[in-house]
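To start, the structure under review is shown below, and the notes come after it.
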Amino acid sequence: MVIRESVALYRHLAQDCPAAADLNFARPLDNLSKRLLAVGQQEDALAAIQESLMLHRQLAEEHPAAANPALALSLVSLCALLSDLRQHQAALVAAQESVALYRQLVMDCPAEFNQDLALSLNNLSIQLGSLGHLQEALVVIQESIALYRHLAADRPAAINPSLSLSLGNLSNRLAALGQHEAALTAIQESVVLRRQLAEKRPAAFNHDLAHSVFILSTCMSDLGQPEGALATGQESVVLYRQLAEGRPAAFNPGLARSLSHLSTCLSDLGQREGALAAAQEALALRRQLAERSPAAFNPDVARSLINLSCRLLEQGQQAGALAATRESVALYRQLAEDYPAAYNPDLAQTLSNISIILSSLDRREEALAAAKEATKLFRPLAKALPAAFKSQLVWSLKTLSTSLRNLGQEEAAAAAEQEAVTLDRSEGPVSECC
């Protein structure tokens, strides 16, 4: 590879004259990282960008005015790579540093750096959301979009691709907070922009279109629009299949994500055989990805296992559903140990699911234990973010009530059931409960 040869030459030069080689060496390392990422070699790409970042830091210490723009850009690349590898805490630190640098640069030269600041804010919002800081993530993405809209007024052709990206992120942030109508509006605008871009340059923008159409499908599902969700879900899968044929390492993750959601769309319309097939294909793809990079793809495997479990239950295959859900619980426990704010909601939902399955298999004690743990996890979530989690706490309480009643604990079952009814009717905040 030409870039690898360039890096090797600069390494040799750096041994003899490090001061002269630093900047020239950092640039081919940046390029090498991009090439490695394009062919799915994320770990190697991360090593290259980290080495480049070290050189940029050294240069910025001596010449901050000249070197800080390149340092900020390297931090943006580092954030994206760490995010792909699910190293969200480290990605958050990189995003925060890049935003801080670009804010300084914008003070002196807004025309040159406002677009970079907007991108860094978008990245920061993604990392905040990934770590469960949902309200803060929403505020940050709103600032990013405000900047992009201002820039797009004068340069729509140049800025609309980035604006459409941030609109997709805004939609995700709103949906996570239970603001589904606003989420739909945001992603509809993103899809309109990306269709226009893909019509002119499909090779460049079909990937972005596939992602936005996928988000649109999830929003329609959230709002009870199953036919629209299915149509857009199918479109997303078609686009990702075409992309994955040429570059499977780059696009199989997106294909798996779209297949998993398509499975849900098919199930919502009673197409159970197709739903099961899509869930199985999604899980197979994600297991392959997780074999190479477990830290990056184990969360996706856990999600696909839950989806598969639901599809198996629809087919009356309780034993298979239980096995899939147990594996998902185990994965989410591991993830929640490191990132509780990000993965406790998934763990709680999965525990609630497994409680229902265990009850159907007459394993009542195990079902009750899972229901109690799920409810315990949902309480603080619903108190902090009732719009997002109150309905899940209500469902968990109903599951707990059923488990208690199955064991003859009628008084406790009635109390849990009454709490669920009271919460379901209330519009105020969720209070703590022992």
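Beta carbons closer than 7 Å, at least 6 apart along the sequence or on distinct chains, pair a first residue in segment 350-367 that is free of Cβ contacts under 8 Å to residues at least 60 places away in the same chain with a second that is surrounded by fewer than 24 Cβ atoms within 10 Å (Cβ to Cβ) and acidic (D, E) for L351/E373; L358/E366.
Among the candidates L381, L404, the residue that is free of Cβ contacts under 8 Å to residues at least 40 places away in the same chain, surrounded by 23 or more Cβ atoms within 10 Å (Cβ to Cβ), part of a helix (DSSP H, G or I) and among the hydrophobic types (A, V, I, L, M, F, W, C) is uniquely L404. For A371, are the conditions met, namely being in a helix (DSSP H, G or I) and closer than 22 Å to R86 by Cβ? No; evaluated as a whole, the condition is false for this residue. Whenever a residue of segment 63-75 is without any contact (Cβ under 8 Å) to a residue 12 or more places away in the chain, its partners that are of a type in the set (D, E, K, R) and surrounded by fewer than 22 Cβ atoms within 10 Å (Cβ to Cβ), lying with C-beta atoms within less than 9 angstrom and at least six residues away or across chains, give the pairs A65/D108. Counting only residues that are among the hydroxyl-bearing types (S, T, Y) and farther than 20 Å from S217 by Cα, which one in segment 145-183 is nearest to the chain's Cα centre (by Cα)? Ranking the candidates gives S162 first. You will find that of H211, H180, the residue that is at pLDDT 95 or above and surrounded by 20 or more Cβ atoms within 10 Å (Cβ to Cβ) is H211 and no other. Only residues that are at pLDDT 90 or above and either farther than 21 Å from G132 by Cα or among the aliphatic types (A, V, I, L, M) (or both) were counted across segment 83-101, and they come to 9. The sole residue among A250, A284 that is under 22 Å from the mean Cα position of the chain (by Cα), surrounded by fewer than 23 Cβ atoms within 10 Å (Cβ to Cβ) and more than 23 Å from V191 (Cβ to Cβ) is A284. Entry remark, segment 389-421: residues being of a type in the set (S, T, Y) and either modelled with pLDDT under 95 or closer than 24 Å to D222 by Cβ (or both) number 3 in total. Residue count for segment 264-277 under the criterion of being surrounded by 15 or more Cβ atoms within 10 Å (Cβ to Cβ) and over 19 Å from D222 (Cβ atoms): the result is 4. Among the residues of segment 81-91, those identified as in a helix (DSSP H, G or I) and crowded, with 19+ Cβ neighbours inside 10 Å are L81, L82, S83, H88, A91.
Taken over segment 304-327, the criterion of being surrounded by fewer than 22 Cβ atoms within 10 Å (Cβ to Cβ) and closer than 10 Å to A279 by Cα is satisfied by C310 alone.
Check segment 218-227 and report whether any residue there is farther than 22 Å from A80 by Cβ, in a helix (DSSP H, G or I), among the hydrophobic types (A, V, I, L, M, F, W, C) and at pLDDT 95 or above. Yes; the residues of segment 218-227 include at least one that is farther than 22 Å from A80 by Cβ, in a helix (DSSP H, G or I), among the hydrophobic types (A, V, I, L, M, F, W, C) and at pLDDT 95 or above.
The residues of segment 220-243 that are without any contact (Cβ under 8 Å) to a residue 24 or more places away in the chain and buried (at least 20 other Cβ atoms within 10 Å of the Cβ) amount to a single one, T232. Checked against the criterion of being in a helix (DSSP H, G or I) and within 23 Å of the chain's Cα centre (by Cα), the candidates A336, A323, A319, A277 yield just one match: A336. When segment 407-427 is limited to residues that are in a loop (DSSP other than H, G, I, E, B) and among the polar types (S, T, N, Q), the one that is nearest to K372 (Cα to Cα) turns out to be Q409.
Residue by residue, here is whether (1) without any contact (Cβ under 8 Å) to a residue 40 or more places away in the chain; (2) out of contact with any Gly (no Cβ under 9 Å at 6 or more places or on another chain) holds:
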site	(1), (2)
R257	no, yes
C265	no, no
R272	no, yes
L285	yes, yes
Q288	yes, yes
A295	no, yes
R303	no, yes
G316	yes, yes
E327	yes, yes
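Filtered by the rule that a residue be surrounded by fewer than 19 Cβ atoms within 10 Å (Cβ to Cβ) and touching a residue at least 12 places away in the same chain (Cβ under 8 Å), segment 186-196 gives Q188, E189, R195, Q196. Cβ-Cβ contacts under 8 Å between residues 6 or more apart (or on different chains), taken from a first residue in segment 77-105 that is free of Cβ contacts under 8 Å to residues at least 12 places away in the same chain to a second residue that is in a helix (DSSP H, G or I), are listed as A90/L82.
The values are calculated or read from the model by the stated rules, or taken from the named source; none is laboratory data. As the structure is a prediction and not an experimental result, all values here were calculated from the model. Counting neighbours? That spans all protein chains shown, and the Cβs are built from the backbone with ideal geometry, glycine included.
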